[in-house]
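What follows is a single structure, written as structure tokens, with notes after it.
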RNA sequence: GCCCUCGUAGUUCAAUGGAUAGAACAAGGCUCUUCUAAGGCCUUGAUGUAGGUUCGAUUCCUACCGAGGGCACCA
């Protein structure tokens, strides 16, 4: 695939740099941006401010004179005059794509692009199915670890959040040239497993009937999740039971108890199968599944080898005193006083395993922000032992899903499972389209695509660091600023294109009357060519919401255009171009939705 | 107590140190004899407080107030 490396943005930036060189002016960072309002041009630069900000503190007097309308250099000018001087120079080597350059406000230089540029950009989009790509991560192998649900525990909306974000980031960096490897890390050992098993041993009869084949996968998984919640409850309330569960925990690690092994193997298999169903619905295919039980020994070995050097004994446990290296960090336990590895140790083993399996340039881990500090400590320990690998670790933290009514807790039983949320969203769509002219199978598929999109959108629309207040009524929105709105715009464009095909009007860029020109039709052309810039920014920042905001903008522009234009019209010489524009919109929308992990149904 | 995040319309979110702080929801009005009205058009409304840096601060710094998370054997 070919990626254009000479974007309009780069061209203009080069032009500015050349011009300043000709004028023998030094400038700081030159920022070229899209003005919010089209009337201020298509690109805008603060070059004058950049020149000014480049002055050192010694130039204070010089600066003062400049702003007082005094002099810069020899004779001329205040800020505006300086800007005009630059524009004059810019005009000497004007790019053919630039219609005009103007000075506005307190010294902005605004670039207006030509009609040909916009029309050509539409043509370019039609010629490139992968329009929007960049080469930020070309030749880089990047592993992204996300979702991380734990066997024996429910898949809740927090996992849904991690999955939506991780999948979108995976796709964005893939679209930016990376070889992306998707990984899932699952806690198949540890106290939570023992809690579930304790409860299942206690409810012997229920457990054996659950293990018989009469229940559905979902029912079995929810029985196991329920057992965990109950086990967790008694663990905290009863000292004696706590000890019993701790005993079971050890046996899970060393696999010394036949009965426990039997329930363990069954429970792990069932919950993993149930998770797999959810991944399928969400559109994720993992390349690797890492399990704590497998990486724990690796981590334990590392810690034991470095005992006395990096790690130290304290109160029978093995700890890492991170505050010795960074006052903002704190001590964490790596091996418990019972001799069992903690999350921190497992993480060391996991990281080692990842780099053994693949020669990675970057290892990205997506988790909720509650794990931010643990990760910093783990990374610090790794920095001491293996700085090269540590430097390739990137931890992306997202906010928490919170209930409007308070904290979510498995104990209180107010955990919302991912599955119930998905099916609820889908049911609502199904109800909405029940009278439409679709087959039952189509209805099922559409409601699934749209329901998942509503959920993913509500997660991805904001920057990933913030918490999301989950409101049962509002989280699944189908109107306005929503996933379904984007899908609807796409389906609408698609429907126009199908009709055009039926009427035999093809996308085109030529008019019969050679004298007339094709004119850009509105804001859409002025937005569509910006898509690659938006993708690049999202990739650089690991922030999908820039794409979300952009897609809302183009959807709105298209819907407005659609509202006051007849696109298909045999008597209109512009009709082929209007169809071309519609096609370009639909292609950008489809690529954009893909990057969010959202399907683009042709009809809805 | 210490360490991270974060405080923007009534609500949920935007805004790479720059132009008149954008949307959506909610409220009201208009709009399908044109291709999907899950749409379009119009009207109202916001930067927690106090300082500082800067020509310019929602953005950077300090303090305070408020929310969330973390701070040794859970993940």
Label model pair residue A:124, residue A:93: point-to-point distance (7 angstrom along the Cα→beta-carbon line) in nm is 2.0
Between the alpha carbon centres of the stretch A:545-604 and the stretch A:203-220 the gap in Å comes to 49
Note: residue A:11 to residue A:281 extended length (0.36 nm per residue) minus current alpha-carbon separation gives 92.9 nm
Measuring from the longest principal axis of the C-alpha atoms of chain A, the long axis of helix A:239-254 (C-alpha) lies at a number of degrees, nearest 10, equal to 80
Highest mean packing first, using Cβ neighbours within 10 angstrom, the peptides A:336-343, A:573-580, A:221-228 sort as A:221-228, A:573-580, A:336-343
Taking the alpha-carbon centre of each part, the distance from the stretch A:142-157 to the stretch A:284-309 in Å is 17
If the chain between residue A:273 and residue A:338 were fully extended at 0.36 nm per residue, the gain over the current Cα-Cα distance would be 20.2 nm
Pseudo-spin-label distance residue A:444 to residue A:540, built 7 Å along Cα→Cβ, given in nm, is 4.6
One can check that the equivalent ellipsoid of the stretch A:311-388, built from the alpha-carbon gyration tensor with semi-axes equal to the square roots of five times its eigenvalues, has lengths in Å, largest first, of 22, 15, 12
Taking 0.36 nm per residue of separation between residue A:428 and residue A:289 and subtracting their Cα-Cα distance, the length gained on full extension comes to 46.7 nm
Taking N as the residue count of the stretch A:431-494, its alpha carbon Rg divided by 2.2 N^0.38 Å gives 1.24
With Cα coordinates, the longest principal axis of chain A makes an angle with the long axis of helix A:115-127, in degrees rounded to 10, of 40
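Given contacts defined as C-alpha pairs under 8 Å and at least six residues apart, what's the relative contact order of the stretch A:175-334, whole-number percent?
Relative contact order of the stretch A:175-334: 28 percent.
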Here the relative contact order (percent) of chain A, from C-alpha pairs under 8 Å and at least 6 apart, is 15
Longest principal axis of chain A (C-alpha) makes with the long axis of helix A:372-385 (C-alpha) an angle, in degrees to the nearest 10, of 90
Over its alpha-carbon atoms, chain A yields an Rg and a Dmax in Å of 29.4, 95
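All of the numbers you see were taken from the coordinates with simple rules; none came from a lab. Note that the structure is predicted; figures quoted are calculated from it, not measured. Virtual Cβ from ideal backbone geometry, glycine too; neighbours counted across all protein chains shown.
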